[in-house]
Amino acid sequence: MSDRINNIFTSIADVYDFWGHLFSFGIDGVWRKMAAEEAIADIDGYKILDVATGTGSIAIDIYKKAKRAKKRVEIVGVDFNPDMIKIAEDKIKKKKIKNICFKIEDAMNLVEPGCAYDVVTAGFLLRNVDDTEVFAEELRRILKKNGKFILLEMGKPQNKFLNMFFRVYFFIIRLVGSLINEKAYDWLTYSILAFDRKKMMDILKEKGFKDLKIKNLPFHIGFLITGIKER
Ligand SMILES: C[S@@+](CC[C@H](N)C(=O)[O-])C[C@H]1O[C@@H](n2cnc3c(N)ncnc32)[C@H](O)[C@@H]1O
């Protein structure tokens, strides 16, 4: 487990939702809803795991969308950071949501049994794990046959103009972020610029997932990686 990353999230847990929405002008919420929509689309089963659930936003979005679509779901959200999980638990208590269960677990070594989930989601985890290959192996282990995954992530936009725009925008975020939590916002901007989509797709392909797709989300800095565990 990465203590450095865990400490960063401990230091921003209280303000994570607030500053995330503000810095993204609310777009982060739209992206999570799109990930949740993908999670409940065309599923036969109902067992869903949200890895790196943080303050539980994706798990809650999945619950709300499933309720509206009258689909049965059982959602488990796991994260290695107890402070983020505490906020997630407070949120569902306040919203009186019963069928989400939050647990403390490391994405690199999940306690979940093998072949247990129809759908696995993970929002903004890939930039934060020590080894994406190990996580891809865990993903493969816990998904049922024909189970699908949805990974929401951020990385450099491939469009040159948008790329330039975000470099300037990140400079501003680092400047403002240094007044809130310098380490956290330096890491956020550094890890987004360093994330390699192609390498991630190669890893997932090598682990044997099929129907691999990347879908750019509004503003092209956020994207969804989806795929299926064939066997
Ligand atoms: C940027 S937050 C995203 C939280 C949430 N998915 C969302 O959409 O807001 C990243 C989360 O990943 C968690 N995380 C990072 N590495 C992890 C690991 N190895 N195992 C479990 N959680 C991890 C952090 O604690 C943090 O809550």
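Of the residues making up the range 20-52, those that are open to solvent by less than 60 Å² (accessible area, probe 1.4 Å), out of contact with any His (no Cβ under 7 Å at 6 or more places or on another chain), without any contact (Cβ under 8 Å) to a residue 60 or more places away in the chain and not hydrophobic (A, V, I, L, M, F, W, C) are Gly20, Ser24, Gly26. Within the range 180-192, the presence of a residue that is open to solvent by less than 10 Å² (accessible area, probe 1.4 Å), in contact (Cβ under 8 Å) with a residue 12 or more places away in the chain, more than 13 Å from the ligand (Cβ to nearest atom) and not charged (D, E, K, R) is excluded. For Ile172, the conditions (1) open to solvent by 70 Å² or more (accessible area, probe 1.4 Å); (2) in contact (Cβ under 8 Å) with a residue 12 or more places away in the chain; (3) farther than 28 Å from Asp118 by Cα; (4) not aromatic (Phe, Trp, Tyr) all hold with the exception of (2). Evaluate the following for Asp17: is it among the charged types (D, E, K, R), near the ligand (Cβ under 8 Å from one of its atoms) and closer than 19 Å to Ile92 by Cβ? Judged against the criteria, Asp17 is a match. From the list Lys103, Lys71, Lys67, Lys95, which residue is within 11 Å of the ligand (Cβ to nearest atom) and surrounded by fewer than 18 Cβ atoms within 10 Å (Cβ to Cβ)? Going through Lys103, Lys71, Lys67, Lys95 in turn, the sole match is Lys103. Determine, yes or no, whether Leu217 is out of contact with any His (no Cβ under 7 Å at 6 or more places or on another chain) and either under 16 Å from Phe135 (Cβ atoms) or open to solvent by 90 Å² or more (accessible area, probe 1.4 Å) (or both). No: the conditions fail for Leu217. Examine the range 128-147 for a residue that is more than 14 Å from the chain's Cα centre (by Cα), among the small types (Gly, Ala, Ser) and open to solvent by 20 Å² or more (accessible area, probe 1.4 Å), and state whether such a residue exists. Scanning the range 128-147, I find no residue that is more than 14 Å from the chain's Cα centre (by Cα), among the small types (Gly, Ala, Ser) and open to solvent by 20 Å² or more (accessible area, probe 1.4 Å), so the answer is no. The one condition from (1) open to solvent by 70 Å² or more (accessible area, probe 1.4 Å); (2) of a type outside the set (A, V, I, L, M, F, W, C); (3) over 17 Å from the mean Cα position of the chain (by Cα) that Glu112 does not meet is (1).
So which pairs qualify, if the first residue must be in the range 122-143 and touching a residue at least 40 places away in the same chain (Cβ under 8 Å), the second must be more than 11 Å from the ligand (Cβ to nearest atom) and of a type in the set (Ser, Thr, Tyr), the Cβ gap must be under 7 Å, and the two must be at least 6 apart or on different chains? So the pair list comes out as Ile142/Tyr117; Leu143/Tyr117. Among the conditions (1) of a type in the set (A, V, I, L, M, F, W, C); (2) in a helix (DSSP H, G or I); (3) touching a residue at least 60 places away in the same chain (Cβ under 8 Å), Met108 misses just one, which is (2).
The values are calculated or read from the model by the stated rules, or taken from the named source; none is laboratory data. It should be emphasised that the depicted structure is a prediction, and the values quoted were computed from it without experimental measurement. In this analysis, Cβ positions are derived from the backbone assuming ideal geometry, glycine residues included, and neighbour counts consider all displayed protein chains. Protein only, heavy atoms only, side chains kept; ligands, DNA and RNA dropped before computing areas. Shrake-Rupley method; radii C 1.70, N 1.55, O 1.52, S 1.80 Å.
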